[in-house]
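Computed from the coordinates by the stated procedures, all read-outs in this text should not be read as laboratory data. If you're wondering where the values come from, they're calculated on a predicted model, not measured in any experiment. Cβ coordinates were reconstructed from backbone atoms using ideal geometry, including for glycine residues, and neighbour counts include every protein chain displayed.
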Amino acid sequence: MRAHRVYLLHPLETYLPGAAAWAAEVEALLRADEGWGEWDLVVTPYDDQNSFAVQPLFVRVLNKPGPVVLVEGVQRKALENLRGRLRTRAVVMVPAVGDSTDLWGAVAEARRRFESGEPFLPRKLVVAVMIVRKLRKGNYWAGKEKGYLWQDDLAKGRGVDERYADIAHVVANDLLQHEVLVFKTSQGTKKYALNPGRKPEAHAIADDGTFRNRKLEEILCRDTEELSAYLLNEPRAAQRFAIQGRGLKRFECAAAAEAVEHARGCPECDGYEV
């Protein structure tokens, strides 16, 4: 089984004459090229509204990571829905193509960007997600006994690597100023916890990197240093909810809801159990 996959979607012949033939040509070139030995290509036409079913495609990308190429002409509502879901997980390209050469170039570029680590996100935003996940996983919610984590322990493993120690306290303060976190002082040092009054917001950040507070997101995104979003998909950074089934590959993810969604929506197998 090939390790990676490019997901290619294109308009029907009515909207882009020749598109299906170009896709078939690209697929033949890919299979004949030894340099693509670890890759396969899944080609799907849009429907007659230039749209596609977002949920099945999203689940397929979760199951086998790879870039998504949506040939220009795609319905914007479906595009933005998919981009939002795959924000931290996969490259989504929307190239305009006029022949098979253009399409081959787009597929090759999608692979290059995937292998370079894209999508990239601002470092502070990535660390913010990691911190919220770490606190949630450790059940650090204000109002409960021993519900706080020392500032110096924010970047000491368990989801937040020590290499982020230089900005962990800055990011924690950003989260504090926007009430995602709360703090108290003990022995002259801050201790942080998640704000139980902002549980939906904290869960959204931890689950898929969604920030409901746009001002907070803007502040975190001002960081000019970037990290690969794939860091958020590493087991040590995730909550490690898992699904598995007889003869099927174990699938781990950051949120229980995502595990359930994957188990119920995977179009390639229906034998998963959460």
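Here are some notes:
- When +1 charges are put on Lys and Arg Cβ atoms and -1 charges on Asp and Glu Cβ atoms, the dipole computed for region 4-118 relative to its Cα centre reaches about 700 debye.
- Beyond 27 Å in Cα-Cα separation lie the following of the pairs LYS124/LYS156; LYS64/LYS199; LYS137/LYS215; LYS124/LYS184; LYS156/LYS184: LYS64/LYS199.
- Each semi-axis of the equivalent ellipsoid for region 1-102 is √(5λ) with λ an eigenvalue of the Cα gyration tensor; in descending order they amount to 20, 19, 10 Å.
- Straightening the chain between ALA3 and THR185 buys 60.7 nm, computed as 0.36 nm per residue apart minus the Cα-Cα spacing.
- Efficiency of FRET from Cβ geometry, ALA53 and ASP153, R₀ 51 Å, rounded to 0.05: 0.70
- Each other residue within a Cβ distance under 13 Å of GLU25 adds +1 if Lys or Arg and -1 if Asp or Glu, for a net charge of -3.
- LEU176/ARG113 FRET efficiency (R0 30 Å; Cβ-Cβ; nearest 0.05): 0.30
- GluC sites (Glu not before Pro) within region 96-159, DSSP loop, no more than 14 other Cβ atoms inside 10 Å: GLU145
- Lys/Arg +1, Asp/Glu -1 at C-beta; region 1-148 dipole; positive extreme among PRO65, VAL129, THR88: VAL129
- Taking the Cα centre of region 122-233 as origin and assigning +1 to Lys and Arg Cβ atoms and -1 to Asp and Glu Cβ atoms, the resulting dipole is close to 460 debye.
- Label separation (ARG222 vs ALA165): 2.7 nm, computed from points 7 Å beyond Cα along the C-beta direction.
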